[in-house]
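Student: Submitted below is the structure of interest, expressed as structure tokens.
The values are calculated or read from the model by the stated rules, or taken from the named source; none is laboratory data. What you see is a predicted model; the values in this text were computed from it and never measured. Every residue, glycine as well, gets a Cβ built from its backbone with ideal geometry; the counts of neighbours run over all protein chains shown.
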Amino acid sequence: RATYDIESTQAKWRKIWDESDPFTAHDDSAREKRYALTMFPYPSGDLHMGHAEVFALHDVVARYWWQRGYEVLNPMGFDSFGLPAENAAIKNDEHPATYTYGNIETSIQSCRNYALSFDWSRTFNTSDPEYYRWTQWLFLKFMERGLAYRKNSPVNWCPNDQTVLANEQVVDGHCERCGAEVTKRELTQWYFRITEYAEELLSDLDVLAPTWPDRVITAQRNWIGRSEGAHVDFAVDGRDEPMTVYTTRPDTIFGTTFMVVAVDSPLADELVTDAQRPAFEAYREETRKETEIERLSTDRPKTGVDLGVTATNPVTGDRIPVWATDYVLADYGTGAVMGVPGGDQRDWEFATEMGLTIIRTTQPPADFEGEAFHGEGPAINSPAPGVDSPLDINGLSVAEAKRATIAFLEEQGSGKGAINYRLRDWLLSRQRYWGAPIPVVHCPEHGEVPVPEDQLPVRLPELRGADLKPKGVSPLAAATDWVQTTCPTCGGPATRDTDTMDTFVDSSWYMFRYCSPDDETQAFDTDLVNQWMPCDIYIGGVEHAVLHLLYARFFTKVLADMGLVDFREPFSAQLNQGFVINRGKKMSKSLGNGVRLGDQLAEFGVDAVRLTLVFAGPPEDDIDWADMSPNGSLRFLQRAWRLSGDVTSAPGTDPAGGDVALRRATHRALHDAAELVELHRFNVMVAKIMELVNATRKAIDSDPGPGDPAVREAAEAVAIMLSLVAPYTAEEMWERLGHQPSVARAGWPAVDEALLVEESVTAVVQVQGKVKARLEVAPDVSDADLEAAALADPAVQRALDGKAVRKVIVRAPKLVNIVAG
Ligand code: ANZ
């Protein structure tokens, strides 16, 4: 059997595509526009199986839109700043730039070989000065709006990477990149005020929910973590100001038997009495060494130090002790908590450990056997019998009691209903080299002075041959010539900020830049961005569910407020692919189960690998490469390709008179495939192509034979549909069918609706028990319509011969029985 040669076919078409650029997006096109975006990679090596999967899936959508007549923006670039490149460069003893740009070149060639329909005329890298100039410009704009600011606070510190991390980069207490346990450090750092957008970032999730994956929506909701509660003021002996706590359960206030303050908060340091200071400082020293995991661990015994001061419960007048502990976090709420052991398990354990009073204020069900109870139940001991209080909430439900307590506190002036978010401001300074320098100068006279816009970019000094190993301070601090500068305000000596920006800043706005990638006068062209965006689809890994997607949404909202874009969400729809695994496990060096993309491509060819990945299952599911058969994919592709050699009718033959059954199959396949792509059910779409290939093969080998126009129509439809998944095979087929390239831009054939109507069934009509007529009717014909059609049939009329119809039995769509006389 004839087969095509993979290698020469790939070489041939690559050359033709490189010359013809069928996927350049034109801004001035009259066609309707679509923007297909897939997450750009870190160039830390060549493409791997994971890229192969996501890009193959993404390409189905982009190529489909081209076939449907849209002007498609499908750009690709590289997220080329950042730790992966820097760490790899250190390991290989190379400059990050050499390493990064070498990998980018390799990756582009691999993408081209992999036949991805990216518009390479728009590519850029976030480490290009032409790009990071505008990242810096955006930083300055945020600063102008009060959305970028510097503060001193305990921050997440990765002891391995020797840099701070954003909260979003701490996963279960570990560094998102290297897995080291994260500790805390007190540092002055730059932040973006993302919390100012907390409410909108949350509420707009409702708009996105229908077209975004559930797990991303849920992850973002949880991350923003809105809770409703109250701020409550507790008077403290010997202090003018009360201490304020945030609580989600103001209804439990009668059960507050102590206060707990974060040990590392300024408040604890301020409140502690001289007598308790030595114990407090020793304890604080101890907790400094703890990781976030340890602090939040629920199975560790609770620890703390009595600060020696007393607070007053505003509803009971009780005098309660104030303690410092590590289980209260300094940067959440107010960093202080009212201790309610009856309602909060941590407080319960703390009270038990320290011998503090426990009072239940919510009645648990009779069969409750736990310790703290945080379920539904009527309020009790609020106040307790014999206790005098101006507030009485006994018997109220949790919700009612909350409301009553807040109303009381507000009236008394000792509290206020409050909404709190778990979301923190985004810490963006990094003590690493390979990133965009923060465009700020520190002047002894004028403090933090923004670098004037016309002096952007603040270029990274080259630091060739310098030691970039993480040391806890930015390597830029060692570039004395670069650091020493003059103050833009007074001209006096000043120093540059030596930190670089988190790379998530770079990737928060790259989708805008693709719309006018060469613009030297602005970050992006507003008109073009409004034309192309928001992105109609964004495909990428679910690991970015919170980080990147939240930051990009935040940036978009700020840009909208700046009047630079006229939409407030960057990605209309989103799809997360699963992982490619092997033998049931994530691929890893230690397991020795890695699959090299290059090997697979060499053995089976690009198309077979792409087809295998798309056909494997729903795109969201993991793909176990061990269960896949790229060889089977290749056999299918060869079988499809052979069809094109067997067609004997001429190109342009009108299919109208062709075999109806095959025509129905073709139009059904085109119709369903289109719908399936829209629904992101790409694997089922491939199954439809396979069915059509089989039907066409049958038609060629038996009836109606290779010369029937329906056979040509079917083979052409196969080539066009296949162009979404297997571009080389599809081009080769198209050419053999007598057409000019490129099949990728041939256009989706119009579906003839009439051919979609299900084939008719034959209904038998009997008169007096004898068959008198056979009717071709729709399979879903109603009894009434079938009866009417039967009675109107001339043969039936003749058989009735004027006799009165006494009874009609109808069994649609198969049978009509008429009794007459
Ligand atoms: C009293 C209380 C009684 C609480 C009760 C809970 C149950 P979310 O829902 O996550 O916002 N809290 C407040 N600030 C804290 C901090 N900095 N570190 C640790 N815990 C803190 O949680 C809010 C609840 O977590 C607050 O409500 C407070 O404990 C605690 F029966 O106050 B609660």
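Student: For region 281-293, how many residues meet the condition of being more than 23 Å from TRP348 (Cβ to Cβ) and not in a helix (DSSP H, G or I)?
Tutor: Qualifying residue count, region 281-293: 2.
Student: Has region 294-310 got at least one residue that is closer than 30 Å to ALA407 by Cα and away from the ligand (no atom under 13 Å from the Cβ)?
Tutor: For region 294-310, residues closer than 30 Å to ALA407 by Cα and away from the ligand (no atom under 13 Å from the Cβ): present.
Student: If you take the residues in region 400-427 that are touching an Asp or Glu at 6+ places or on another chain (Cβ under 7 Å) and of a type in the set (S, T, N, Q), which one is surrounded by the fewest Cβ atoms within 10 Å (Cβ to Cβ)?
Tutor: If we take residues in region 400-427 being touching an Asp or Glu at 6+ places or on another chain (Cβ under 7 Å) and of a type in the set (S, T, N, Q), then SER414 is surrounded by the fewest Cβ atoms within 10 Å (Cβ to Cβ).
Student: Could you look through region 142-158, keep only residues that are crowded, with 18+ Cβ neighbours inside 10 Å and touching a helix residue (DSSP H, G or I) at 6+ places or on another chain (Cβ under 9 Å), and pick out the one that is farthest from ARG288 (Cα to Cα)?
Tutor: This residue is PHE142.
Student: LEU463 is checked against (1) in contact with a Phe, Trp or Tyr (Cβ under 9 Å, 6 or more places away or on another chain); (2) at negative phi and fails just one. What number does that condition carry?
Tutor: Of the numbered conditions (1) in contact with a Phe, Trp or Tyr (Cβ under 9 Å, 6 or more places away or on another chain); (2) at negative phi, the odd one out for LEU463 is (2).
Student: Next question, about the same structure. Quick one: what pairs do we get from region 195-222, first residue more than 30 Å from TYR149 (Cβ to Cβ), second modelled with pLDDT under 95, C-beta under 7 Å, 6+ apart or different chains?
Tutor: The qualifying pairs are ARG215/VAL542; ARG215/ALA545.
Student: Since ASP672 meets every condition but one in (1) more than 20 Å from ASP654 (Cβ to Cβ); (2) in a loop (DSSP other than H, G, I, E, B); (3) under 34 Å from the mean Cα position of the chain (by Cα), which condition does it not meet?
Tutor: Just one mismatch for ASP672, condition (2).
Student: Next question, about the same structure. Residues that are hydrophobic (A, V, I, L, M, F, W, C) and under 30 Å from LEU463 (Cβ atoms): which helices (runs of 4 or more DSSP H) entirely in region 1-106 hold 3 or more of them?
Tutor: So the answer is 83-91.
Student: Please work out which residue is farthest from GLU285 (Cα to Cα), limiting yourself to region 218-248 and to residues that are buried (at least 21 other Cβ atoms within 10 Å of the Cβ) and within 8 Å of the ligand (Cβ to nearest atom).
Tutor: Only one residue fits best here, namely THR247.
Student: Could you list all residues from region 559-581 that are touching a Gly at 6+ places or on another chain (Cβ under 9 Å), in a loop (DSSP other than H, G, I, E, B) and hydrophobic (A, V, I, L, M, F, W, C)?
Tutor: PHE579
Student: Any residue at all in region 332-341 that's aliphatic (A, V, I, L, M), in contact with a strand residue (DSSP E or B) (Cβ under 7 Å, 6 or more places away or on another chain), away from the ligand (no atom under 12 Å from the Cβ) and touching a residue at least 60 places away in the same chain (Cβ under 8 Å)?
Tutor: Within region 332-341, not a single residue is aliphatic (A, V, I, L, M), in contact with a strand residue (DSSP E or B) (Cβ under 7 Å, 6 or more places away or on another chain), away from the ligand (no atom under 12 Å from the Cβ) and touching a residue at least 60 places away in the same chain (Cβ under 8 Å).
Student: Can you tell me which residues in region 204-222 are part of a loop (DSSP other than H, G, I, E, B) and either within 23 Å of ASP425 (Cα to Cα) or aromatic (Phe, Trp, Tyr) (or both)?
Tutor: If the condition is that a residue be part of a loop (DSSP other than H, G, I, E, B) and either within 23 Å of ASP425 (Cα to Cα) or aromatic (Phe, Trp, Tyr) (or both), then ASP204, TRP212 are the ones that fit.
Student: Sort out which residues of region 50-96 are aliphatic (A, V, I, L, M) and at pLDDT 95 or above, and write them in order of number.
Tutor: ALA52, VAL54, ALA56, LEU57, VAL60, VAL61, ALA62, VAL72, LEU73, MET76
Student: Say whether the condition of being assigned to a helix (DSSP H, G or I) and either buried (at least 19 other Cβ atoms within 10 Å of the Cβ) or of a type in the set (A, V, I, L, M) (or both) is met by at least one residue in region 273-280.
Tutor: Within region 273-280, one or more residues are assigned to a helix (DSSP H, G or I) and either buried (at least 19 other Cβ atoms within 10 Å of the Cβ) or of a type in the set (A, V, I, L, M) (or both).
Student: Can I ask one more? Taking region 364-379 as the search range and keeping residues that are surrounded by 14 or more Cβ atoms within 10 Å (Cβ to Cβ) and either more than 13 Å from the ligand (Cβ to nearest atom) or of a type in the set (Phe, Trp, Tyr) (or both), which one is farthest from the chain's Cα centre (by Cα)?
Tutor: The extreme case among them is PRO378.
Student: To continue, here is another question. Please find, among ALA97, ALA52, the residue that is buried (at least 18 other Cβ atoms within 10 Å of the Cβ) and either in contact (Cβ under 8 Å) with a residue 24 or more places away in the chain or in contact with a strand residue (DSSP E or B) (Cβ under 6 Å, 6 or more places away or on another chain) (or both).
Tutor: Being buried (at least 18 other Cβ atoms within 10 Å of the Cβ) and either in contact (Cβ under 8 Å) with a residue 24 or more places away in the chain or in contact with a strand residue (DSSP E or B) (Cβ under 6 Å, 6 or more places away or on another chain) (or both) holds for just one of ALA97, ALA52, which is ALA52.
Student: Return the residues of region 16-49 that are at pLDDT below 95 and among the small types (Gly, Ala, Ser); say none if nothing qualifies.
Tutor: The answer is SER20, SER44, GLY45.
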